[in-house]
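Written out below as structure tokens is the structure these notes cover.
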Amino acid sequence: MDAHKKLTIGLFGFGVVGEGLYKVLQQTSSLSAEIKKVCIKDPGKKRNAPDTLFTTDRDEILNDPEINVVVEVINETEPAYYIVSTALKNGKDVVSASKKMLAEHLPQLLKLQEETGRSLLYESSACASIPVIRNLEEYYDNDLLHGIKAIVNGSTNFILTKMFEDKLDFKSALLLAQQLGFAEADPALDVEGWDALNKWTLLLNHAYGIVTAPTNISFTGIQNIQLQDAVVAEEKHFSIKLVAQAQKLKNGGVAAFVMPQFVKQDDHLAFVKNEYNGVVIESGFADKQFFYGKGAGSFPTASAVLSDISALRYQYKYEYKKLYHHKPNVLSNDFHIKVYVSFNDWKHIPREKFESIDEWHADEDRKYLVGLLPFSELRENSWWKENNVSLILYPDPVVEDIDTRKLKKRSLELAGII
Ligand code: HSE
């Protein structure tokens, strides 16, 4: 495709993102890209575009030799995979926003890109308007990327902001996120952390060359956070955010997880409110860099899709540098993690698993402790997500090099008090 060649687009999906892209393209004539057909599921719906543009037959796009770019922004995972893989096999370049599909099918999609030589771009699938994938891919060398932590889900950040700053209840905050088009069709994907997990799976590949099934990464969402947790956070001058984090360990592996986290007031992520996303990258010599922008919504997401379409004009492809041109990293669970855990009953908390308990507090109905757990405990067991237990990570939660004997002693002393 030369730089002057016209891009003829077949679009799948005309929801929040698809319609946004349609409008944005109408205002970007310089791009010389035109939507030829839009494939939709329900022909009965009233849409703000000419009827002749629409079809319900996906082959009308997939088999049209004139269409050289397929843009896929639908909700269903398996149909999205069929569309993306068939388009690549049919010699088309593809732009996709289906983060769940991309995360779950990443190994197959990597193979298909190699086999077909076509380009599959998906900048909009993580942090919407923030160009984080291309930055991780192009700018940061594997060895120098010490750590990355991010708010990657707009809806949960919106809900937490509305609940704890505007004192809205959870249900009203979620409803508002849905009305504004931030939430997934099934909002449990946002609230329970799945959406952030899928995005993190994709970003771990571009950051560290890690290819893993999403479920190999420990995660939870904001579903267990209690009002009392917010009170404790406020006392300690923290805010609560759903944070996705990855950090290089001394053993050469990478620690990675998606969990609620206490964030200090002077942390860049504390500044990220409502549907905004933020990414803090720590790299050798550069120290910290902070990326900030809207992480959900029609136009912010469409802006990233548009940027991918535009990149196709100069044959841009992800090279997956960290995976193919460096020694890729692997996930490691060999570290400790500092946690705050609140609960109703001690019987749900395996105290003996803690390496240390540094702080504890008991009210009649709600208790909490702050302590250090081997991370493998979170991988192997799920008490920390059940029975009304709420686990929130402490700032700088990854702990390597601990003096186990000293901590055990301190822990036993404290357990005696408890
Ligand atoms: N539901 C997603 C979010 C949409 O809230 O971040 C953008 O990916």
- Would you look at the GNM of the chain, springs on alpha carbons closer than 10 Å, and say which of ASP401, ASP195, ASP345 moves the most? ASP401
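Can you give the Rg to Rh ratio for the chain, taking only C-alpha atoms and Rh from Kirkwood? Provide the component values of the computation, followed by the final result.
Details: Rg = 22.7 Å, Rh = 22.5 Å.
Here the Rg-to-Rh quotient is 1.01.
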- Residue with peak Gaussian network fluctuation, the chain [Cα springs, cutoff 10 Å], from ASN135, ASN333, ASN48: ASN48
- Message: What three numbers, in Å, describe the spread of the alpha carbons of segment 164-303 along their principal axes, ordered from the longest?
- Response: 44, 36, 28
- Task: Take every Cα pair under 8 Å in the chain that's 6+ residues apart, average their separations, divide by the length, and report that relative contact order as a whole percent.
- Result: 17
- Query: How about segment 223-254: which trypsin sites (Lys or Arg not before Pro) there are in a DSSP loop, with at most 16 other Cβ atoms within 10 Å of their Cβ?
  - Reply: LYS236, LYS250
- Per residue solvent-accessible surface (Å²) - the chain, probe of 1.4 Å: 43
- May I ask for the angle, rounded to the nearest 10°, between helix 106-116 and the longest principal axis of the chain, with both axes built from Cα atoms and the value confined to 0 to 90°? 30
- Measure nothing but the geometry: give the 0 to 90° angle between the long axis through the Cα atoms of 170-179 and the longest principal axis through the Cα atoms of the chain, rounded to 10°. 10
- Query: Pairs LYS36/LYS92; LYS92/LYS322; LYS45/LYS294; LYS162/LYS294: which are spaced more than 20 Å apart, C-alpha to C-alpha?
  - Reply: LYS92/LYS322; LYS45/LYS294
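Among the listed pairs LYS111/LYS171; LYS41/LYS385; LYS99/LYS338; LYS288/LYS327, which are separated by more than 32 Å between their Cα atoms? Walk me through the numbers on the way to the answer.
Numbers: LYS111/LYS171 42 Å; LYS41/LYS385 37 Å; LYS99/LYS338 30 Å; LYS288/LYS327 24 Å.
Violating the 32 Å Cα-Cα cut-off are LYS111/LYS171; LYS41/LYS385.
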- Find the Cα radius of gyration of segment 7-125, compare it with 2.2 N^0.38 Å by division, and give the number to two decimals. 1.00
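The values are calculated or read from the model by the stated rules, or taken from the named source; none is laboratory data. Keep in mind that this is a model prediction, so the values were computed, not measured. Cβ: placed from backbone, ideal geometry, glycine included. Neighbour counts: every protein chain shown. To get the accessible areas, we keep the full protein, side chains included, count just its heavy atoms, and leave off ligands, DNA and RNA. Shrake-Rupley method; radii C 1.70, N 1.55, O 1.52, S 1.80 Å.
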